[in-house]
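Notes to accompany the following structure.
The values are calculated or read from the model by the stated rules, or taken from the named source; none is laboratory data. Computed from a predicted structure; not experimentally measured. All Cβ positions, glycine included, derive from the backbone under ideal geometry; neighbour counts span all protein chains shown. Side chains are part of the model used for accessible areas, which takes the heavy atoms of the whole protein and leaves out ligands, DNA and RNA. Shrake-Rupley method; radii C 1.70, N 1.55, O 1.52, S 1.80 Å.
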Amino acid sequence: MTVTASPADTRARELHHLLAASAEAHARLSWDEARLREHQQRRLRELLAVAVERSPYHADRLGGIDPATFTLDRLPTLPTMTKAEMMADLDRVFTDPALSRSLVEDHLTGSTDELTYLLDRHVVMVSGGSSGERGVFVHDRAGFAQFAHALTRETIATLRAFGITADAPVRGAMVGAGRAVHGTAALRSLVSAPGGLVRLDPMPATLPFEEVVARLQAAQPAIVVGYPTILARLADARRRGELAINPLAVTCTSEPLTSAMRAEIERGLGVPVVNTFGSTEGLVGTSAPGQEPIRFAEDGCIIELVDEHDAPVPPGATAAKVLVTNLANHAQPLIRYELTDRFRAVDGDWPDAHLRAVVDGRSDEALRWGRIMVHPTALRSVLVAHAEVFEYQVRQRPDGVAVAVVAAAGFDPVVLRDGLAAALRAAGAPATVGVEVVDTIARDPFTGKAPRFVPIR
């Protein structure tokens, strides 16, 4: 008789494997270019071999290549793939014959705030809270382990250096996704399993703000992880004496972190912020405390920064999109998969070969009126100049935009309205602007995220 492990036992087992391999994973952060490329070359060939042999979708796309002799410099010759294309043919993308879209959707429907493994070997995550275009991603154990390592290995090394053990774990709080089908909630559930170094209390971003404050006050976490828009409000609450916590570390995740927002969080919570980028597709990066550039984990993904025509862009130029090849996940191969995030590579004398980049938003948030296009940067630069604005949502209208803001007491929307109208006029776009101060902005119930710019579809 086959005995299936309980979800809690599976999480504890996977956390044990994660911690046992964390020192080796941390060492990969120091790789030079030769060592990194050798690793990427080997893992790319393994990925292509699995994709061609086991995925009908990829066999059609990649037919004719020889994975055993394929080289990194030939990667740009392979076709790209988009979320829409992948989702339209998802059953044929999977390499595990036991997987199907219907099975995966049933698993998502039954998801809770704790991580559960599909078929005891796959982690299922969903995206779409920001862009509105839903994507489903199934990671095998190796793929999810790489995702988890990339986001936790520096923290684990720091905790161990301070003598933290599983016998007396650090208490933390994660203000983010409420259900474990989003990467932040899945990772929180994993690292908080018995045997870990930290216990992250879940505090869904969809809760009323006052309840988040109350839970943090009761928990007194040493580590706080959360969405920047909410952390900025928490920082303001602490400065006004409505929240009394003294975290040792603060990490932002899942939303763009502007310079103004970083300053607000650091001023209000009293510690330098670590910024992270974690996509459900598997691309992950973290910044040093208080620094803007994010170091991306190129031991897990090959990253191509390209323009609208998939041509490489140089350091300092903002890419129109990012092409990601996930080297670790063989269950649902992503090979030159298109992310609409706009990265700007930062050149410098770095001690390792991993990419440093700043994330400048998403290209699919652009607002278009006929031939006139306004990139979100034009409006975001006005919005972030108002430190009283914690959170916003811009909805396109035929004659301009409607803007909802969550703001500090006493905020005057007139100056913001006039600034946004001027930015639209400068771009030649319709410039009727409405600004409404609201208590909250609706968030996706799965991911806890809210779209910042909503074009007319």
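Things worth noting here:
- Using the average count of surrounding beta-carbon atoms within 10 Å as a protection proxy, the listed peptides 74-81, 201-208, 214-221 rank, highest first, as 201-208, 214-221, 74-81.
- Net lengthening on full extension, A20/E211 (0.36 nm per residue, minus Cα-Cα): 65.1 nm
- Long-range amide H partners of M81 with built H, under 5 Å: Y337, E338
- Per-residue HN-Hα couplings for region 154-165 [Karplus 6.51, -1.76, 1.60; θ = phi - 60°; Hz; x = Gly/Pro]: 6, 5, 4, 4, 5, 4, 5, 5, 8, x, 6, 10
- The accessible area of R417, taken with all protein chains in place and a 1.4 Å probe, comes to roughly 100 Å².
- The slack in the chain from A59 to A402, taken as 0.36 nm per residue of separation less the alpha-carbon distance, amounts to 118.9 nm.
- J(HN,Hα) series, region 220-232, from Karplus relation 6.51 cos²θ - 1.76 cosθ + 1.60, nearest Hz, glycine and proline x: 6, x, 7, 10, 10, 10, x, 6, x, 4, 7, 4, 5
- Stretching A218 away from T82 to a fully extended chain increases their span by 44.6 nm, per 0.36 nm per residue minus the current alpha-carbon distance.
- Ordering E292, E308 by accessible surface, largest first, gives E308, E292; the 1.4 Å probe counts only protein heavy atoms, with every chain in place.
- Region 221-258: trypsin sites (Lys or Arg not before Pro) in DSSP coil with no more than 11 other Cβ atoms inside 10 Å: R240
- Most tightly packed first, judged by the mean number of other beta-carbon atoms within 10 Å of their residues, the peptides 337-345, 46-54 read 337-345, 46-54.
- Qualifying chymotrypsin sites (Phe, Trp or Tyr not before Pro) for region 73-179 [loop in DSSP, other Cβ within 10 Å: at most 12]: F162
- Computed log₁₀ I(q)/I(0) - Debye formula, equal Cα scatterers, no solvent, region 221-328, q 0.15, 0.18, 0.21 Å⁻¹: -0.70, -0.89, -1.06
- Here the relative contact order of the chain, from alpha carbon pairs under 8 Å that lie six or more residues apart, stands at 15 percent.
- On the chain, 54 percent of the accessible area sits on carbon and sulfur atoms, based on a 1.4 Å probe.
- By a 1.4 Å probe calculation restricted to protein chains, V415 has an accessible surface near 90 Å², given to the nearest 10.
- FRET E, pair N246, E292, Förster distance 25 Å, beta-carbon r, rounded to 0.05: 0.50
- The antiparallel fraction among DSSP beta bridges confined to the chain stands at about 60%.
- Relative pair counts by distance (%), Cα atoms of region 169-277, 10 Å bins: 16, 52, 30, 2
- Coupling constants for region 87-104 follow from the phi torsions by the Karplus curve (6.51 cos²θ - 1.76 cosθ + 1.60, θ = phi - 60°), and in residue order they are 5, 5, 9, 4, 4, 7, 6, 4, 9, 8, x, 7, 8, 8, 4, 4, 5, 5 Hz; glycine and proline get x.
- Against the empirical 2.2 N^0.38 Å (N residues), region 1-159 has a Cα radius of gyration ratio of 1.17.
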